[in-house]
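Visitor: This structure is in structure tokens; I'll ask about it shortly.
The values are calculated or read from the model by the stated rules, or taken from the named source; none is laboratory data. All figures in this text were calculated on a predicted structure; none of them were measured in a lab. Note that we place each Cβ from the backbone using ideal geometry, even for glycine, and neighbour counts take in every protein chain shown.
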Number of protein chains: 2
Amino acid sequence: MVARSNDATAEVDRLFRALADGTRRDIVRRTLTREATVSELAASYDMSFAAVQKHVAVLERAGLVTKHPQGRERLVRGNPDAIRRAQALLDRYEDIWRGRVERLDALLADEDT
Amino acid sequence: MVARSNDATAEVDRLFRALADGTRRDIVRRTLTREATVSELAASYDMSFAAVQKHVAVLERAGLVTKHPQGRERLVRGNPDAIRRAQALLDRYEDIWRGRVERLDALLADEDT
DNA sequence: TGAACGTGCAACCATATGGTTGTATATGGG
DNA sequence: CCCATATACAACCATATGGTTGCACGTTCA
């Protein structure tokens, strides 16, 4: 009976969940190179403005993008730190597989680093 | 209007979606070091056998684990290749952010490599 | 052979998700 | 000041998800 579902776990859930949608991944990709307003993003996809706005909100909650008010617009900017956080998590799995995990409790620990 | 939602996209959706659950991540972690039967896994979590069996099925569809029949049991084995596939995808985002993407169309391409 | 075990799967339920439309609020420009 | 624009958010709907219980089926073994 492994101890689970702490705050860190919920955070990781949100991170991977946010990445599990093509439109959202596209938004992240776009805003990593150049920030864009919500309207600009919305124009790119075949769905309502509100739908895109919701996707941005999901990404923001997951930490994958940040929003920066600029007058009446919000500049959406991809957050490379969140990407690296996801990478770090996957790296842990690689480590586990390669038996590179030194402390035994690291095997039991989830993402609460 | 970016072209989206091809087969590769659906596959990536499944991959990240599968990782967006703590119980499933735990199963992956466990089975990366040592294969386990579905029953053994089920004993570890505070939910029904069927629930765990469903989680394993989700992981299997995402390619994160493979199942190997052994008599009446199924040995569940974590698949490091799927982890690496996820890593490769995230690496692409890093590359994009660092402006390391050479071909311009790589910016538009999603995960259909 | 028959009982117990391991697994898969269907049916069901509550809640979450991803979309819609409509409305409210704030900002910018004429 | 008014109007158009940019965003946010609520209400609603269909479908997906994550859990449950119950049953069917193959395998092991006494």
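Visitor: Is there any pair linking a residue in region B:71-90 that is within 15 Å of B:Val12 (Cα to Cα) to one that is away from DNA strand C (no atom under 16 Å from the Cβ) and part of a strand (DSSP E or B), with Cβ under 7 Å and at least six apart or on different chains, and which?
Guide: none
Visitor: Same structure again: Go over the candidates A:Val12, A:Val65, A:Val58, A:Val28 one by one and state the one that is buried (at least 21 other Cβ atoms within 10 Å of the Cβ), modelled with pLDDT of 95 or more and more than 10 Å from chain B (Cβ to nearest Cβ).
Guide: Details: A:Val12 fails: more than 10 Å from chain B (Cβ to nearest Cβ); A:Val58 fails: buried (at least 21 other Cβ atoms within 10 Å of the Cβ); A:Val28 fails: more than 10 Å from chain B (Cβ to nearest Cβ).
Exactly one residue qualifies, and that residue is A:Val65.
Visitor: Collect the residues in region B:22-59 that are more than 10 Å from DNA strand C (Cβ to nearest atom), more than 24 Å from A:Gly99 (Cβ to Cβ) and among the β-branched types (Val, Ile, Thr), keeping them in residue-number order.
Guide: If the condition is that a residue be more than 10 Å from DNA strand C (Cβ to nearest atom), more than 24 Å from A:Gly99 (Cβ to Cβ) and among the β-branched types (Val, Ile, Thr), then B:Val58 is the only one that fits.
Visitor: Still on this model: For region A:31-51, what are the residues that are farther than 17 Å from A:Pro80 by Cβ and within 12 Å of another protein chain (Cβ to nearest Cβ)?
Guide: To start, the set of residues in region A:31-51 that are farther than 17 Å from A:Pro80 by Cβ comprises A:37-51.
Across region A:31-51, the qualifying residues are A:Leu41, A:Ala42, A:Ala43, A:Ser44, A:Tyr45, A:Asp46, A:Met47.
Visitor: Can you name every residue in region A:68-86 that is surrounded by 15 or more Cβ atoms within 10 Å (Cβ to Cβ) and within 13 Å of DNA strand C (Cβ to nearest atom)?
Guide: Taking region A:68-86 first, the residues surrounded by 15 or more Cβ atoms within 10 Å (Cβ to Cβ) are A:74-80, A:82-86.
Result: A:Arg74, A:Leu75.
Visitor: While we're on this one: Of the residues A:Glu102, A:Glu111, only one is modelled with pLDDT under 95, more than 16 Å from DNA strand C (Cβ to nearest atom), closer than 23 Å to A:Arg17 by Cα and not hydrophobic (A, V, I, L, M, F, W, C); which? Can you show your working first?
Guide: On the way: A:Glu102 fails: closer than 23 Å to A:Arg17 by Cα.
None of the others qualify; the one that does is A:Glu111.
Visitor: So which residues in region B:34-55 are in contact (Cβ under 8 Å) with a residue 24 or more places away in the chain and either in a helix (DSSP H, G or I) or surrounded by fewer than 19 Cβ atoms within 10 Å (Cβ to Cβ) (or both), if there are any at all?
Guide: Of the residues in region B:34-55, the ones in contact (Cβ under 8 Å) with a residue 24 or more places away in the chain are B:35-39, B:41, B:47, B:52, B:55.
Result: B:Glu35, B:Thr37, B:Val38, B:Ser39, B:Leu41, B:Met47, B:Val52, B:His55.
Visitor: Failed condition for A:Phe16, given (1) of a type outside the set (Gly, Ala, Ser); (2) within 12 Å of DNA strand C (Cβ to nearest atom); (3) in a helix (DSSP H, G or I); (4) free of Cβ contacts under 8 Å to residues at least 60 places away in the same chain, with all others met?
Guide: (4)
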